[in-house]
Every structure is written in structure tokens, then in C-alpha cells.
Amino acid sequence: LRGNPVRNLPGAGGTGTSTGASVIGISFTSTTPNQTVEQNTISALGNTNAAAATTVAGIQFTGGTGANLVQRNSIHSLSVASATGLVNGINVSGGTTTYRNNFIRLGTDAAGADITVGAAISGFNEFLGTNQVFNNTIVVSGSGVGGAANSFAFNGQQTVNTRSFQNNIFLNTRSNGAGTGKHYAIRVGGTTPSPTGLTSNYNVLFASGSGGVLGLFNLVDAANLAAWQTATGQ
């Protein structure tokens, strides 16, 4: 799947969540190995339903085994109108896949204006899968944010499979106005240092602004690189 522009879909009525997100730029589910999703531009997708906990995703990927590849995609300007909603740049729900050289920018609209609705945001949401995440640039931004939801440039939640996150740029400059959410550069799954299957190294991590925190591990904030290295063993 290569070279498609996907943009300007308001998604006014849908209420789908999680893998059944109401608005998805590319939804890919296949048990056939060695699939490639590359060089697509996905932008300005949104859901205007302010009453429901809707989900909007740039790429929803559930692959099979083999050498799947998601690379060189540009995803930006995704939004929901509800503070209980969720925005995912890339959402991973399974497969053995390399994600590399993708660019994701969330938290601002297509004109560059801040999105202040305090919905949960994950630039890259690694929910499942055997994943290699290399050389991606992920930026979450916007100021004057309301609500209590957290945001993540990279949100690694699983603790089951082999996963490697290296040579990425994870920036979160999102900043609260009246909101109380926290805005993280990175999260990885695990409960003790050096979790089984995890490699995380050579990444650029940056968080700033009101509510900005470098990392989250085992539900505990890591305020700086030294704390992050101690907590994760990485």
C-alpha cells in the first residue's frame, strides 16, 4: 500500500473506539506475511462528536508474521472534539513489523493552530505486536490544553513480545492551560528494570511545557534521563 493521500475527513457521526476507531486513514489487517505500507500522507482527519469517547487513527495496523514494513508515512493534524476521545498517529494491534522513518505530528491542526481539547494523544501507540521501531520522528504539541487526559509521543504498553525502539526522536511540547494532564515523551511497558524482550536505546527524548514529563514506566514518572535509565534498565 503505497503513495496515497488521505485527508480532510470530518467523521462527524461515528463513535467507534480502539481498533474500531470512528475515523481511520489506513486500516490494515492481514495474516499474510511481508506486507508493506509506505509513503502515504494522512492528514486533517477528525471526529466532531463532542459527546462520545471517539477514536481517530492515522494508521491502524494489525499484521501477521514475517517481515511486515510500515515506513516513510507522514501523519499529521488528527483531532477529536471530545475530551474523553483518543487520537493515535499509528496504532499497533499485532504482527511482526518494522516501523521506520515515519513522521507523525499531533496536537495542532492543518493550519498549525493549537488543538486545546484535552483528549488523550499517542503519536505511536504500541498496544501489541513484535515490533522494531527505528528512525521515526514523532512530535506532540499545542498549548493552552484543557482536560485531564495524558499525551505521549511514544506509548509502548505491552510487556509480552520482543520489541526494540531505537534511533527515534520523541518530542512532546504539549502544555496545559486549565488542564491537568501529563505530557510524556515516552512510555514503555514493564514492571522491573530491563523487562523481558525490551531494547530501548539511542532515542532523543524531550518534554517541556506545563505538565511535561520525560517518561512513564510502571506507572511512575521519570523526570529526567538518569531516572529513566534507572527505572527501565535501558
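The values are calculated or read from the model by the stated rules, or taken from the named source; none is laboratory data. This is a predicted model, so every value here is computed, not measured. When we count neighbours, we look across all protein chains shown, and the Cβ atoms used for this are built from the backbone with ideal geometry, even at glycine. Note: accessible area is taken over every heavy atom of the protein model, side chains too, but ligands, DNA and RNA are not part of it. Shrake-Rupley method; radii C 1.70, N 1.55, O 1.52, S 1.80 Å.
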> On the given criteria, is Thr180 within 24 Å of Gly107 (Cα to Cα), among the β-branched types (Val, Ile, Thr) and within 18 Å of the chain's Cα centre (by Cα)?
Replying inline: no
> Just one of Val117, Val145, Val139 is among the β-branched types (Val, Ile, Thr), modelled with pLDDT of 95 or more and under 23 Å from Ala50 (Cα atoms); which is it?
Replying inline: Val145
>> Need the failing condition index for Ala52 against (1) surrounded by fewer than 18 Cβ atoms within 10 Å (Cβ to Cβ); (2) assigned to a loop (DSSP other than H, G, I, E, B), just the number.
In response: (1)
>> Of all residues being without any contact (Cβ under 8 Å) to a residue 60 or more places away in the chain and basic (Lys, Arg) in region 165-222, which is nearest to Thr98 (Cα to Cα)? Just the residue, please.
In response: Arg187
>> Given the options Val117, Val87, Val80, name the one that is at negative phi and within 13 Å of the chain's Cα centre (by Cα).
In response: Val87
> Considering region 188-216 alone, what residues qualify as being closer than 24 Å to Gly142 by Cα and not in a loop (DSSP other than H, G, I, E, B)?
Replying inline: Val188, Val204, Leu205, Phe206, Ala207, Gly212, Val213, Leu214, Gly215, Leu216
> All but one of (1) over 19 Å from Thr97 (Cβ atoms); (2) without any contact (Cβ under 8 Å) to a residue 60 or more places away in the chain; (3) not in a strand (DSSP E or B) hold for Val139; which doesn't?
Replying inline: (3)
>> Just the residues that are open to solvent by less than 10 Å² (accessible area, probe 1.4 Å) and of a type outside the set (Ser, Thr, Tyr), please, taken from region 70-79.
In response: Val70, Asn73, Ile75, Leu78
>> Looking at the structure I just gave you, is Ser27 modelled with pLDDT of 90 or more, touching a helix residue (DSSP H, G or I) at 6+ places or on another chain (Cβ under 9 Å) and either under 24 Å from Ile169 (Cα atoms) or among the aliphatic types (A, V, I, L, M) (or both)?
In response: no
>> Can you tell me which residue is most open to solvent (accessible area, probe 1.4 Å) among those in region 153-185 that are of a type in the set (Gly, Ala, Ser) and farther than 14 Å from Ala120 by Cα?
In response: Ala178
>> With the requirement that a residue be over 30 Å from Thr31 (Cβ atoms) and open to solvent by less than 20 Å² (accessible area, probe 1.4 Å), what does region 103-115 give you?
In response: Gly107, Thr108
>> Here are the criteria: (1) modelled with pLDDT of 95 or more; (2) open to solvent by 10 Å² or more (accessible area, probe 1.4 Å); (3) aliphatic (A, V, I, L, M). Tell me which single one Val188 does not satisfy.
In response: (2)
> Within region 34-46, can one find any residue that is modelled with pLDDT under 90, exposed (fewer than 14 other Cβ atoms within 10 Å of the Cβ) and part of a loop (DSSP other than H, G, I, E, B)?
Replying inline: no
> For region 85-102, which residues satisfy the criterion of being open to solvent by 40 Å² or more (accessible area, probe 1.4 Å) and within 16 Å of Gly20 (Cβ to Cβ)?
Replying inline: Leu86
> Just checking, which of Ala153, Ala185 is in contact with a Leu (Cβ under 8 Å, 6 or more places away or on another chain), under 23 Å from Val37 (Cβ atoms) and either not in a strand (DSSP E or B) or not charged (D, E, K, R) (or both)?
Replying inline: Ala153
